[in-house]
1. Where Rh is the Kirkwood radius over the Cα pairs of segment 8-139, the temperature 10 °C and the viscosity 1.306 mPa s, what D in µm²/s does Stokes-Einstein return?
2. Answer rounded, prolate or oblate for the chain, using the Cα gyration tensor with square roots of eigenvalues a ≥ b ≥ c: rounded when a/c is under 1.5, else prolate when a/b is larger than b/c, else oblate.
3. What net charge do the residues around F122 carry, taking every other residue with its C-beta under 15 Å from that of F122, with Lys and Arg at +1 and Asp and Glu at -1?
4. In square nanometres, what is the average projected area of the Cα convex hull of segment 1-85?
5. Based on Cβ point charges of +1 for Lys and Arg and -1 for Asp and Glu, what charge dipole magnitude is obtained for segment 69-152 about its Cα centre, in debye rounded to the nearest 20?
6. What accessible area per residue comes out for segment 115-192, rounded to a whole number of Å², with a 1.4 Å probe?
7. Need one number: nm distance between label points at A37 and R115, each 7 Å from Cα along Cα→Cβ, rounded to one decimal.
8. Give me the base-10 log of I(q)/I(0) for segment 116-220 at each q in 0.10, 0.13 Å⁻¹, Debye formula, one uniform scatterer per Cα, rounded to two decimals.
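The values are calculated or read from the model by the stated rules, or taken from the named source; none is laboratory data. In this text, all values refer to a predicted model and were calculated from it rather than measured experimentally. Using ideal geometry, Cβ is built from the backbone for each residue, glycine included, and neighbour counts are taken over all protein chains shown. Heavy atoms of the whole protein, side chains included, go into the accessibility calculation; ligands, DNA and RNA do not. Shrake-Rupley method; radii C 1.70, N 1.55, O 1.52, S 1.80 Å.
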Amino acid sequence: MDVLAAMAERRSVRGFKSTPVPKETLQKILALAGRSASFTNTQPWEVAVVTGQTRDLLSQKLMDAAVGGVRGHSEVPYPKHWPEAAAERSKTHNINRFAALGIARDDTEKRETLRLRNFEFFGAPCAMFIFMDQEYGPWSTMDIGIFLQSIALAAVGHGLGTCFQASLSNYPEIVKEALGVPEHKKLLVGLSIGHPDPDAPLNAYHSSRMALDEFTSWHD
């Protein structure tokens, strides 16, 4: 698959088969992602790959915290406000996603079940956690965004899917303790990766995209 096809096919996958992903495949994906551009070649990304028993134990710890009502506190603050157009896109996306799953707006039980699936990695056999030394600044965060997109595209090229999950950054202490990550490393985001399950209800929904002219201006 060429890069243009991968860009067209990439989407957030929220339902995976339990089929393990060979370590060699994950190594190839991360090695390609390591070619990503970064400010003055600083390459600020650090990745913890979680599979097997460690994956299961960490999933349980995160689930226990979420079910137990432990308040999340991501080290990357969530946005408090969006521009009006962005807020409308986000609102419409959430409405359409729940509607596609047949979940009513007032069905808090099903909505909570869906939220908790994040901490099961949507069934994926592998999760990755992306860290950055706290001495880096905003430019490095942008570099890591490029790195993440490279992971997603390389995964598609290997017949895999990914889902970037802000929820997995909600409990940084739990993740760092489980993985032996020093406190001065900032947890930015987590992601699930594996073979997409075409029968998973969550994969039936496709989010919309802005038209080109909505986000582009031309200056001749």
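1. My calculation gives 88 µm²/s for D.
2. On the way: a/c = 1.21, a/b = 1.01, b/c = 1.20.
The shape class here is rounded.
3. Details: positive: R11, R14, K17, R55, R97, R115, R117; negative: D56, E120, D197, D199.
That works out to +3.
4. Numbers: hull surface 39.0 nm².
Approximately 9.8 nm², given one-decimal rounding.
5. On the way: 10 positive and 11 negative charges, 79 e Å.
Rounded to the nearest 20 debye, it is 380 debye.
6. Working: 2790 Å² over 78 residues.
That works out to 36 Å² per residue.
7. It works out to 3.8 nm between the two label points.
8. -0.38, -0.62
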